[in-house]
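Single-structure report; data block below.
The values are calculated or read from the model by the stated rules, or taken from the named source; none is laboratory data. The structure presented is a predicted model; accordingly, all values stated were derived computationally and were not measured. Here the Cβ positions follow ideal geometry from the backbone for every residue, glycine too, while neighbour counts run over all protein chains shown. The area values use the complete protein model at the heavy-atom level, side chains included, leaving out ligands, DNA and RNA. Shrake-Rupley method; radii C 1.70, N 1.55, O 1.52, S 1.80 Å.
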Amino acid sequence: MPNVPAASALPRRDQIRREAARLFAARGFLGVGVDEIGKAVGISGPALYRHFAGKDAMLADLLIGISERLLDEGRRRAGGGEGPAATLDALISGHVDFALGDRDLITLHDRELLNLKEEDRRTVRRLQRGYVELWVDVVRQAYPPLADPAAEPVARAAVHAVFGLINSTPHSLGPNPDQGERAALQRDGMAALLHALAHGAFAAAAGSAGVPVVPGAAVAPVGGSTAAEA
């Protein structure tokens with residue numbers, strides 16, 4: 001797991017980002033005031049305005065930043081040139097790492113989009129569409145049955161379903177991000193499970209596009225193992 005710097009070691013603007021994300025995730029954007037965010041980082045509420053124009057600007061910074069980060073990292077991983085199966089593995093691993101490592105941000109990503117101003121919401125949607133298209137392209141290369149033009153809606157639906165699967169994980173974890181409260185899995189175990197479930201979902205989608213999928217004989221991505229072997 002990557003080392004997370006202590007809040008006191010971060011630049012002030014990043015401290016504000018971290019505490020705003022934590023508070024917004026815990027109580028919702030509308031339930032948190034500027035003064036409370038300031039108190040969490042040891043400054044007055046009005047002093048926050050030296051770093052952000054207001055609470056709306058903080059939320060926009062967080063949500064646009066999340067979307068830019070996912071898209072940039074996705075493009076980096078997709079550019080590795082290691083073949084479609086390895087590329088899909090890398091995309092899945094990256095999104096799983098994000099979901100397990102940034103639980104507050106993934107909560108905001110799922111819940112607070114409607115509280116953005118319209119212009120900022122359009123920016124986030126544009127970035128999200130780019131991220132989805134990247135995944136759809138790689139999934140259709142990795143699972144040949146999904147490359148058929150008629151199967152494109154199936155591939156797209158599978159990508160959204162996998163995002164929902166991975167993004168829901170933080171809500172089921174306990175206070176310790178390294179251990180599931182209910183599943184009693186260490187972080188690495190949860191990451192491996194999510195990775196296998198994602199491939200299982202794509203294999204099932206490929207099966208629905210014309211190749212039967214049965215236990216122990218799942219559709220394999222090009223150049224990779226079957227979901228049952230993952």
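Measuring only protein heavy atoms, the 1.4 Å probe finds residue 169 accessible over about 10 Å². For the range 26-56, the residues whose backbone nitrogen is under 15 Å from a point 7 Å from the Cα of residue 13, taken along Cα to Cβ, are 48-54. Sequence-ordered 3J(HN,Hα) estimates for the range 136-141 from the Karplus curve with 6.51, -1.76 and 1.60 and θ = phi - 60° stand at 4, 4, 5, 4, 5, 6 Hz, glycine and proline given as x. Residues in the range 20-87 average 48 Å² of solvent-accessible surface per residue, probe 1.4 Å, ligands and nucleic acids excluded. Per residue, the solvent-accessible area of the range 88-157 (1.4 Å probe, heavy atoms of protein chains only, all protein chains present) comes to 45 Å².
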